[in-house]
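Student: My structure is below; once you've seen it, I'll send some questions.
The values are calculated or read from the model by the stated rules, or taken from the named source; none is laboratory data. Keep in mind that what you see is a predicted model, and the values were worked out from it rather than measured. Cβ placement follows ideal geometry from the backbone for every residue including glycine, while neighbour counts extend to all protein chains displayed.
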Amino acid sequence: MAEKIVVPFVDLARQFRGIEAELTQAFLDVGRSGGYIMGARLESFERKAAEFIGVRHALGVADGSDALFLVLKALDIGPGDEVITATNSFIASAWVIAAVGATPVLVDVAEDFNIDPRLVEAAVTPRTKAIIPVHLTGRAAPMDEINAIAQKHGLFVLEDAAQAIGARYRGKRTGALGHAAGFSLHPLKNLGVYGDGGLITTDDDALAAKLRLLRNHGLRNRDECEIWGFNSRLDTMQAAFAEIKLGYLDGWNTRCRKIANIYATGLADCVQVPVDQAWEECVYHNFVIRTERRDALMTHLLENGVDTRVHYPIPIHLQDAAKHLGYKLGDFPNAERYAKTMISLPIYPELSDAEVNHVVAAVRSFF
Amino acid sequence: MTTIQNFLPEQYRQTGALEINHNYLHDQFADHDEIWLKIREVVRRGDFTLGSEVDLVEKEFAAINGVKHAIGVGSGTDALFLSLKALGIDKGDEVITTPYTFYATIGAIVTAGATPVFADARDDYNIDPAEIEKKITPRTKAIMPVHWSGKPCDMETIEAIAKKHGLAIVSDACHAIKATYKGRQAGELGTISCFSFHPLKNLNVWGDGGIIATNSDELADKLRLLRNHGLAGRDECRIFAYNSRLDTVQAVVARHMLAKIEHITASRIANSNYFDEALRSIPQITIPARENDVKQVYHLYMVRCERRDDLQKYLVENNVDAKVHYPVPMHLQPAAAFLGHKLGDFPVTEAIAASALSLPVHEFITREQQDRVIQLIKAFYG
């Protein structure tokens, strides 16, 4: 790639520079405390995250995949059980189901890239135990419809909120829209730490108690092991960083929404752009446009210094890993069409208006 | 179910609580400038996920262990779990290990779907090969020896048993970085060896971390898939897997410590020898046999003591962080109830758990502090 990048797809150094003094202080405070696992800084972040999201419990874990995996484990979902999720997602939405021994049942998505509730209902069988709606791109899935289906069939709703921290749906935050939710705090997320990290939220006291065991070797206290568990903890230092960033999150998300608005306004006549419904606030982890001339547009944008990505070019049902599930090309026409037509444009709070306008102009010059 | 609080495990007690502490992290952190600079560099490059520092620490770790592959993962527990998974161990399989270990050894076996089968320990706190042989069934798939406290197990005998019965050896080497057995490094002892970088390990990072060592190309390839979503490229998922990666920023810390590992190890050995020398004359204390052909690296310095609980209390009252690792063996844990064991099933393990005490021997302990510990123990026994 000889082209000079004018607008990088990500640039985490910009955010770091803005809050460097606070992050450095947190590094020093945690470092000097000598306590790098669990402890007061983790608990403080968990309290604030629970309050921010509007739930009784928030638990730090090692990563967003573990957040989903541990909830399925806590529910004793396993061999013979089915869990429904979207085929247009990051692969972890499906492997967490396979990892507990259950069968992922994949469902196509709608125009908003989120799981289509009508297809969810059609996929329910007597073996179905849970639904994992994915709030893709930072936009809440149609939770009213999904919750109604879940209630009708007695299913557990586990939000895959990895991309959607801070987003709202009918006045509530993601993470408070189902029975439990898993968030990712991966560095590239809207609230990202500097390594792997994740968060589970729930209002269910018993579930939270079991998850506290499962994430820390099943330990009731130092010397007593109640159940055999895992080691999946959010590092204390990362929790301290996350707590600092949580204070900025709404402001950052507001800026992302503003950038999204500039993109949408500037590009609606050239490409398919995402549309916010009146009842929702998408936080635009990704801003995904669609065009039939996807590959040519990506090349054109790169030539104009705009770095882009595709989330995701191969739907889960067409991955090698999913072969044993027996899906084939043509099973999920929307996801397959989007996989060939989607482009994610750069979007992060630190992008300047000039950069955003450069992206708009670069797309427009192609058409 | 009882409500579980976010308890702060005793081993993470904040520095300053006691004068002579197991936790040395406050002292270690004094030397943080270079690490913070490198972490900032990782942030600037956005090199977070399996970044170049992870590649480098894997190469360096493999080199000091004399193995072909080292694979950084999320924790020592995950190292064990992923190794079992890489070997295809699952429901219906049995894995033989010791009941005298940390919870994670058993947790990894159970969460992998297999059944832990216990073989009692010997007087050196490590698994007894003679007991292993008695526990083999047609369902046995692997042996998981634990190099407890940093002393390698009797590997020649264990390897002979494994070979005879066609079993894999997954070594729990979480305590044993830089330990050697008859000239072989800890990473070479087994089909796969699993290490922890937990903050209080001999080679530590500042959060959770672990690493797996193996000479098998095939297992290494499988482990690299298993730790990273089964991804063969950014967009191509070959197998449904897991997410368990050594953070790049923690790899920075690991490399910093790796450069000091000879000093850390030498200090621990010297401090342990000093305790051995002084405590040997106390009749109420039993020092385990020290062997010439193994290098024991003393992640824990443990001796067996008469009136152990009283001695521990006395030492703690006198500002010495004496600990018990651990008072309740695995077969007697509430979580093990389904295995149907009872007190008396593993007499050596039970005797160790009832009498062993750990004293701090890390590289920041001074001779004066050690002398104070020795005086206190002598005073206690009068």
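Student: Starting from residues that are among the β-branched types (Val, Ile, Thr) and in contact with a Phe, Trp or Tyr (Cβ under 9 Å, 6 or more places away or on another chain), keep the ones in segment A:264-282 and report whichever is surrounded by the fewest Cβ atoms within 10 Å (Cβ to Cβ).
Tutor: Filtering first and then ranking leaves A:VAL273.
Student: Counting only residues that are among the charged types (D, E, K, R) and in a helix (DSSP H, G or I), which one in segment A:287-332 is farthest from A:PRO274 (Cα to Cα)?
Tutor: So the residue we want is A:LYS323.
Student: Find the strands (runs of 3 or more DSSP E) located wholly in segment A:179-282 whose residues include 2 or more that are facing chain B (nearest Cβ under 7 Å) and under 28 Å from B:ASP208 (Cβ atoms), and list them.
Tutor: Where strands (runs of 3 or more DSSP E) fall fully within segment A:179-282 and carry at least 2 residues being facing chain B (nearest Cβ under 7 Å) and under 28 Å from B:ASP208 (Cβ atoms), they are A:219-221.
Student: Show the residue pairs that are 6+ apart or on different chains and have beta-carbon atoms under 6 Å apart, the first residue being within segment A:112-127 and farther than 22 Å from A:TRP279 by Cα, the second being surrounded by fewer than 17 Cβ atoms within 10 Å (Cβ to Cβ).
Tutor: Hits for this filter: A:VAL124/A:HIS153.
Student: Considering only residues that are in contact with a Leu (Cβ under 9 Å, 6 or more places away or on another chain) and not aliphatic (A, V, I, L, M), which ones fall in segment A:175-194?
Tutor: Across segment A:175-194, the qualifying residues are A:GLY175, A:GLY178, A:HIS179, A:GLY182, A:PHE183, A:SER184, A:PRO187, A:ASN190, A:GLY192, A:TYR194.
Student: For residues that are in contact (Cβ under 8 Å) with a residue 60 or more places away in the chain and among the charged types (D, E, K, R), scanning just segment A:128-179, find the one that is nearest to A:ALA86 (Cα to Cα).
Tutor: Only one residue fits best here, namely A:ASP160.
Student: Further question: Just checking, which of B:ASP154, B:ASP93 is surrounded by fewer than 24 Cβ atoms within 10 Å (Cβ to Cβ), more than 25 Å from A:CYS225 (Cα to Cα) and either of a type in the set (Asp, Glu) or within 20 Å of the chain's Cα centre (by Cα) (or both)?
Tutor: The unique qualifying residue is B:ASP154.
Student: Please tell me if A:SER352 is within 23 Å of the chain's Cα centre (by Cα) and not aromatic (Phe, Trp, Tyr).
Tutor: no
Student: So is A:GLU224 more than 19 Å from the chain's Cα centre (by Cα) and at pLDDT below 95 or not?
Tutor: yes
Student: Could you check segment A:311-331 and list, in sequence order, the residues that are surrounded by fewer than 16 Cβ atoms within 10 Å (Cβ to Cβ) and either modelled with pLDDT under 95 or within 11 Å of another protein chain (Cβ to nearest Cβ) (or both)?
Tutor: Residues satisfying the conditions are A:PRO313, A:ASP320, A:LYS323, A:HIS324.
Student: Moving on. Taking segment B:195-249 as the region of interest, how many residues are basic (Lys, Arg), buried (at least 20 other Cβ atoms within 10 Å of the Cβ) and facing chain A (nearest Cβ under 10 Å)?
Tutor: 1
Student: For the structure I just gave you, tell me whether B:TYR298 is out of contact with any strand residue (DSSP E or B) (no Cβ under 7 Å at 6 or more places or on another chain) and within 14 Å of another protein chain (Cβ to nearest Cβ).
Tutor: When the stated conditions are applied, B:TYR298 does not pass them.
Student: Can I ask one more? For segment A:1-118, give me every one of the helices (runs of 4 or more DSSP H) that falls completely inside it and has 2 or more residues that are surrounded by fewer than 20 Cβ atoms within 10 Å (Cβ to Cβ) and of a type in the set (S, T, N, Q).
Tutor: A:20-33
Student: So, of the residues in segment B:317-331 that are under 24 Å from the mean Cα position of the chain (by Cα) and away from chain A (no Cβ under 14 Å), which turns out to be nearest to B:THR115 (Cα to Cα)?
Tutor: So, considering only residues that are under 24 Å from the mean Cα position of the chain (by Cα) and away from chain A (no Cβ under 14 Å), the one nearest to B:THR115 (Cα to Cα) is B:ALA322.
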